[in-house]
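See structure below.
The values are calculated or read from the model by the stated rules, or taken from the named source; none is laboratory data. None of these values were measured; they are calculated from a predicted model. Cβ placement follows ideal geometry from the backbone for every residue including glycine, while neighbour counts extend to all protein chains displayed. Accessible surface is based on the protein model in full, side chains and every heavy atom, while ligands, DNA and RNA are left aside. Shrake-Rupley method; radii C 1.70, N 1.55, O 1.52, S 1.80 Å.
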2 protein chains.
Amino acid sequence: MQRRSFIKNAALGATASLGAIAAPALAQSTPTINWRLASSFPKSLDTIFGGSERMCKRISELTGGKFNIRAFPGGEIVPPFEVMGAVQNGTVEMAHTVSQYFSGVDSAFTFDSGLPFGLNSRQQTAWFEKGGGKELLREFFKEYGIINFMGGNTGTQMGGFFRKEINTVADINGLKFRIGGMAGRIFEKLGAVPQQIPAGDVYSALEKGTIDAAEFVGPFDDEKLGFNKVAPYYYAPGWWDAGPQESFYVGIKAWDQLPKEYQAALETATYETHVQIQAQYDAANPAALARILKNGGQLRWFSKEIMEECYKLSNELFLTEAERNPRFKKILDPWLRFRDDSNQWFSVAEGPMQNFLASVK
Amino acid sequence: MQRRSFIKNAALGATASLGAIAAPALAQSTPTINWRLASSFPKSLDTIFGGSERMCKRISELTGGKFNIRAFPGGEIVPPFEVMGAVQNGTVEMAHTVSQYFSGVDSAFTFDSGLPFGLNSRQQTAWFEKGGGKELLREFFKEYGIINFMGGNTGTQMGGFFRKEINTVADINGLKFRIGGMAGRIFEKLGAVPQQIPAGDVYSALEKGTIDAAEFVGPFDDEKLGFNKVAPYYYAPGWWDAGPQESFYVGIKAWDQLPKEYQAALETATYETHVQIQAQYDAANPAALARILKNGGQLRWFSKEIMEECYKLSNELFLTEAERNPRFKKILDPWLRFRDDSNQWFSVAEGPMQNFLASVK
């Protein structure tokens with residue numbers, strides 16, 4: 001999709017969202033407003049989709065039952081990877097998704113979720129909330145007729161399930177790996193063949209050897225897919241998803257028509273959801289990992305050689321993208337400074353503390 | 001303070017908070033309600049005290065200006081270390097503090113902020129929100145007539161400023177160290193002399209050599225105190241504060257009288273504040289650390305020998321406390337399981353990712 005037509009569609013569709021508020025209601029301070037939220041995630045993901053449902057319930061409570069948003073799972077009213085466009089053209093007022101999915105539309109979208117070797121979840125939140133990220137991203141999203149809010153984080157993800165061990169950079173050559181986005185482009189440079197396969201078909205593709213590896217999220221979500229039965233090597237870390245953030249996107253036209261009190265309710269509720277989604281992942285992952293390992297999964301870590309080569313390639317990719325896309329460059333420069341400064345500080349107290357605790361048990 | 005008299009005071013004072021709601025207002029669905037919040041923190045801490053002020057503003061916005069809470073800095077209406085009692089006896093409806101301060105009243109309070117070698121900030125949030133912590137803590141706080149909410153986290157703190165290098169366990173013997181709570185008891189077992197000195201007197205005590213070391217928070221807060229000028233060795237990590245949580249405490253009687261919509265507003269706003277306080281620390285600490293180092297501070301890390309000895313002593317202290325206090329024991333057992341499981345998971349993806357990023361820059 002081209003950026004220009006994407007924006008054009010938004011302008012055409014913007015009036016559609018006006019219909020959500022009945023004209024007489026505009027005169028009241030607390031009108032009844034009904035919105036629809038299109039999620040990219042299935043109902044089975046209680047963490048993320050469940051989180052958006054709980055947010056809707058909270059917004060209703062905060063407004064005395066007047067402002068109601070109904071969340072629809074991915075595909076029910078909008079295909080999972082088209083929710084951003086649906087917000088733009090006013091088909092729905094709100095979406096819950098991961099900005100990475102839209103990096104093909106504009107690579108600068110990626111900063112709202114995370115880049116390879118990017119910020120961990122606390123750093124991502126700090127950058128967004130108090131490190132200048134919100135201002136940069138809101139300016140960017142405004143071009144698309146959208147206002148963005150944080151909507152959860154999975155923490156550092158796993159690197160996926162592999163049929164064979166991958167020890168050296170050379171082992172990546174020819175690897176058929178189900179992975180997308182910027183990480184796919186980096187693996188491609190090392191000779192891998194990134195694959196796009198619908199989630200439901202991955203298991204049989206791995207079993208038959210049509211593909212050699214597949215990545216998804218972390219133990220709690222991965223466990224449901226059962227990949228460990230056909231591809232036992234469970235690699236860490238998912239360096240392309242160091243702290244991937246989920247986001248809520250709201251059409252600016254719809255947003256601007258909300259009473260201030262409803263805006264406050266929506267924005268405040270997104271923080272609660274942001275906390276709860278991460279907390280649910282953090283609380284559920286340990287037991288899920290233990291079950292995966294009990295059922296044949298074997299933990300492996302990407303070697304230093306692989307990590308360093310991929311890190312080098314990711315930095316090159318950032319520069320290529322910055323040359324190609326001024327919107328990417330504008331966010332990249334301050335983002336890189338924030339990342340480096342933050343990693344230095346995290347290596348002083350937070351890192352040594354965690355390393356010690358890992359060493360004693 | 002004895003637990004029994006603490007509770008007794010609460011019962012006596014509970015009716016005081018009834019005054020906050022005018023009788024006719026009770027009949028309305030959106031009465032005007034005014035509360036006072038007593039903070040343990042000074043106005044100069046924009047992170048924590050500023051966070052509570054922003055929360056009050058948000059709650060007012062969410063309720064159309066009807067539910068107003070005014071935040072008072074530590075000492076202005078209640079002494080910093082007496083805010084818990086003030087909530088109990090209805091002097092104020094709400095407090096913002098760190099539960100550790102009240103470990104002398106009941107050691108089980110400590111779990112709401114954090115124990116030595118305890119959970120990092122993400123783990124603390126996950127344990128509280130989705131790991132059973134909230135249920136255990138609310139049951140405990142109910143005995144004190146209080147309902148508790150998360151209210152920020154500093155992340156792993158620094159270990160403080162030392163006049164001389166501390167390399168071995170033997171070097172701790174005789175050390176006059178400004179430190180309190182459980183950590184003070186652990187240092188005491190190694191021959192240190194824990195000191196309680198008012199914040200304003202620490203600089204001159206360090207300068208004169210009346211004390212050898214002092215700990216506070218992390219770079220952003222520590223910088224303001226200027227200790228680096230008189231005690232250059234800045235130690236990490238503050239293993240007694242791996243992820244210390246701040247909390248909001250509300251008197252149950254006052255809480256029960258709030259309309260449901262105001263309860264929702266207050267609770268939701270605490271999540272926003274929880275996110276923002278941590279984000280502000282995370283965004284501000286890197287530059288503050290750089291300035292401290294530029295102005296004479298020298299980074300040091302506690303040796304493996306010291307860390308291991310203190311870890312052993314902390315586990316012994318937990319068991320002593322569990323034998324002495326059944327309320328401590330009730331929370332300790334599931335807390336220990338959560339800590340161990342979570343640290344194992346964090347050492348798989350999150351830890352290696354951070355270690356790699358620390359190694360490349």
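Here is the size of the stretch B:75-147 from its Cα atoms: Rg then Dmax, 12.8, 36 Å. Taking Cα atoms only, the orientation of helix B:304-324 departs from the longest principal axis of chain B by about 40 degrees.
Length gained on full extension, B:Val360 to B:Lys330: 6.4 nm, using 0.36 nm per residue less the C-alpha separation. Buried accessible surface for the B/A pair, both sides summed and rounded to the nearest 100, is 5900 Å² with a 1.4 Å probe. Where does the charge balance sit around A:Val87 when Lys and Arg score +1, Asp and Glu -1, over other residues with C-beta under 12 Å from its C-beta? My count for the surroundings of A:Val87 gives 0. In nanometres and ascending order, the distances from the A:Glu165 label point to those of the other copies are 4.1 (point 7 Å from Cα along Cα→Cβ). Within the protein assembly as shown, the proportion of C-alpha pairs whose separation exceeds 35 Å stands at 46%. Across the identical copies, the 7 Å label point of A:Pro79, projected outward along Cα→Cβ, sits 6.8 nm from its counterparts, in ascending order. Ordering B:Ile77, B:Ile166 by accessible surface, largest first, gives B:Ile77, B:Ile166; the 1.4 Å probe counts only protein heavy atoms, with every chain in place.
These residues, B:Asp106, A:Asp212, go from largest to smallest accessible area, 1.4 Å probe, as A:Asp212, B:Asp106. What the Cβ-Cβ distance of A:Glu76 and A:Asn295 gives, at R0 = 22 Å and to the nearest 0.05, is a FRET efficiency of 0.10. Comment: the Cα-to-Cβ extended label point of A:Thr320, at 7 Å, lies 6.1 nm from its counterparts in the other copies, nearest first. Among the protein heavy atoms of the stretch B:66-221, carbon and sulfur supply 49% of the accessible surface, probe 1.4 Å, non-protein parts ignored. With a cut-off of 9 Å between beta carbons, the residues surrounding B:Gln100 carry a summed charge of -2, where Lys and Arg count +1 and Asp and Glu -1.
Estimated purely from DSSP H runs of n ≥ 4, each contributing -39500 (n - 2.57), the mean residue ellipticity at 222 nm for the protein assembly as shown is -14500 deg cm²/dmol once divided by its residues.
Per-residue surface analysis assigns A:Asp201 an accessible area of about 80 Å², computed on protein heavy atoms at 1.4 Å probe radius.
Computed extension length for A:Glu188-A:Ala287: 32.3 nm, one decimal, from 0.36 nm per residue of separation with the Cα-Cα distance subtracted. Proximity of backbone amide H atoms, modeled 1.01 Å from N, is registered between B:Arg300 and B:Tyr234, B:Tyr235, B:Ala236 at under 5 Å, excluding neighbours fewer than 5 places apart on the same chain. Amide H contacts of B:Ile33: B:Phe67, B:Asn68, each under 5 Å away and 5 or more positions distant or on a separate chain (H built 1.01 Å from N in the peptide plane; Pro and chain starts excluded). Computed from backbone phi, the HN-Hα couplings of the stretch A:236-248 come to 9, x, x, 5, 7, 9, 6, x, x, 9, 8, 9, 9 Hz, rounded to whole numbers (Karplus: 6.51 cos²θ - 1.76 cosθ + 1.60, θ = phi - 60°; Gly and Pro given as x). Length gained on full extension, A:Lys142 to A:Lys224, computed as 0.36 nm times the residue gap minus the Cα-Cα distance: 25.8 nm. Here the stretch B:204-324 is treated as a sphere whose radius is the Kirkwood value from Cα pairs; by Stokes-Einstein at 37 °C and 0.692 mPa s it diffuses with a coefficient of 182 µm²/s.
Around the amide H of A:Gln195, modelled in the peptide plane, lie the amide H atoms of A:Phe177, A:Arg178, A:Ile179, all under 5 Å away and 5 or more residues distant in sequence or on another chain. Computed over the Cα atoms of the stretch B:41-105, pair by distinct pair, the Kirkwood hydrodynamic radius stands at 12.6 angstrom. With a cut-off of 11 Å between beta carbons, the residues surrounding B:Phe328 carry a summed charge of 0, where Lys and Arg count +1 and Asp and Glu -1.
Estimate the FRET efficiency between B:Lys57 and A:Asn34 by the formula 1/(1 + (r/R0)^6), using the beta-carbon distance for r and 22 Å for R0, to the nearest 0.05. Efficiency computed from Cβ-Cβ geometry: 0.20. Take the Kirkwood radius over Cα pairs of the stretch A:137-183, plug it into Stokes-Einstein at 10 °C and 1.306 mPa s, and you get 108 µm²/s for translational diffusion.
Size check on the stretch A:101-181: the Cα extents along the three principal axes, sorted descending, read 44, 27, 19 Å. The Cα atoms of the stretch B:270-361 define a convex hull whose projected area, averaged across directions, is 9.4 nm². With bins 10 Å wide beginning at 0, the percent of Cα pairs of chain B falling in each bin runs 5, 23, 32, 25, 11, 3, 0.
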